[in-house]
Amino acid sequence: MDGMRIAGPTLVALLLLTGCGSTTQGTPEADHSCAPAAGPMTTIDPVAEGEPQLEIPQLPGWNTSDALESPMIRFAMVNTDLISGNFAPNAVVTFENAGSESGDADAVFTQQRELLETQLGATDVSTESGSRCGYPAQIISYTAPAAGEIPERSAKVLCVLSEVDGTTYLSTVTLSSVAPEEATYAADSEAILSGFRVTATP
């Protein structure tokens, strides 16, 4: 897979992390059990002691890519079976240690949305707040502009703010496609976003 074809959502992920540099702790809910997920799950192991464990549904056709691995980008997968407009749908997971100061999850998510609009040039932005595994979460939907060989595309990023032993972490999952209404992608992206898990390690 041409790295340029994956760079779009990677840019989004990095923009989000740039905004996370000064993010602060939200108040988690007491029950951190996770909802059932569809399909096989892939575990993303913690890098440092005390980090939460991340899990993501990896459905048929979604192949792991290590081309983007970095301290911030913990996991990526692409589906070349669904290429449209010379762009392969992909999912990128990022992770950030946001420190231990007190703060407001809503403010963190607002910052992410503003970064998408001001730095990426995202349009048609909408948000849906909720929770994942009992932690505050928000899905930001938007249209990302074309950039070089990367076409305009529809994207969604799930942001989850978790607090473990006094430290706050921001995890994101970004999915993008130039054909978001295609049936398989629509179903898979919904399953991936709804099934993403953040759990404290023993």
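The values are calculated or read from the model by the stated rules, or taken from the named source; none is laboratory data. All figures in this text were calculated on a predicted structure; none of them were measured in a lab. Here the Cβ is made from the backbone with ideal geometry for all residues, glycine too, and neighbour counts use every protein chain on show.
Here is how the numbers come out for the structure above:
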quantity: Top-ranked residue of the stretch 60-73 - restricted to ones that are within 16 Å of the chain's Cα centre (by Cα) and in contact (Cβ under 8 Å) with a residue 40 or more places away in the chain, ranked as nearest to L175 (Cα to Cα); calculated: W62
quantity: Test result for P60, modelled with pLDDT under 90 and exposed (fewer than 13 other Cβ atoms within 10 Å of the Cβ); calculated: no
quantity: Strands (runs of 3 or more DSSP E) completely within the stretch 37-145 that count 3 or more residues being more than 26 Å from P180 (Cα to Cα) and in contact with a strand residue (DSSP E or B) (Cβ under 7 Å, 6 or more places away or on another chain); calculated: 90-99
quantity: Residue count, the stretch 135-166 (criterion: buried (at least 17 other Cβ atoms within 10 Å of the Cβ) and among the small types (G, A, S)); calculated: 5
quantity: Among the residues listed as S84, S65, S102, S129, the single one being modelled with pLDDT under 95 and within 24 Å of A200 (Cα to Cα); calculated: S102
quantity: Some residue of the stretch 176-194 being assigned to a strand (DSSP E or B), touching a residue at least 24 places away in the same chain (Cβ under 8 Å) and closer than 21 Å to L116 by Cα; calculated: yes
quantity: Sole exception among (1) acidic (D, E); (2) at pLDDT below 95; (3) surrounded by 17 or more Cβ atoms within 10 Å (Cβ to Cβ) for D188, by number; calculated: (2)
quantity: Candidates F109, F196, filtered to the one that is buried (at least 20 other Cβ atoms within 10 Å of the Cβ) and either charged (D, E, K, R) or farther than 16 Å from E55 by Cβ (or both); calculated: F109
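Here is a yes/no grid of residues against (1) under 19 Å from A88 (Cα atoms); (2) in contact with a helix residue (DSSP H, G or I) (Cβ under 9 Å, 6 or more places away or on another chain); (3) aromatic (F, W, Y):
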site	(1), (2), (3)
T127	no, yes, no
Q138	no, yes, no
T143	yes, no, no
G148	yes, yes, no
A155	yes, yes, no
V160	no, no, no
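Results for (1) surrounded by fewer than 19 Cβ atoms within 10 Å (Cβ to Cβ); (2) touching an Asp or Glu at 6+ places or on another chain (Cβ under 7 Å); (3) modelled with pLDDT of 75 or more; (4) over 30 Å from A147 (Cα atoms), shown as yes or no for each residue.
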{"site": "D2", "(1), (2), (3), (4)": "yes, no, no, no"}
{"site": "T18", "(1), (2), (3), (4)": "yes, no, no, no"}
{"site": "A30", "(1), (2), (3), (4)": "yes, no, no, yes"}
{"site": "A37", "(1), (2), (3), (4)": "yes, no, yes, yes"}
{"site": "A48", "(1), (2), (3), (4)": "yes, no, yes, yes"}
{"site": "P71", "(1), (2), (3), (4)": "yes, no, yes, no"}
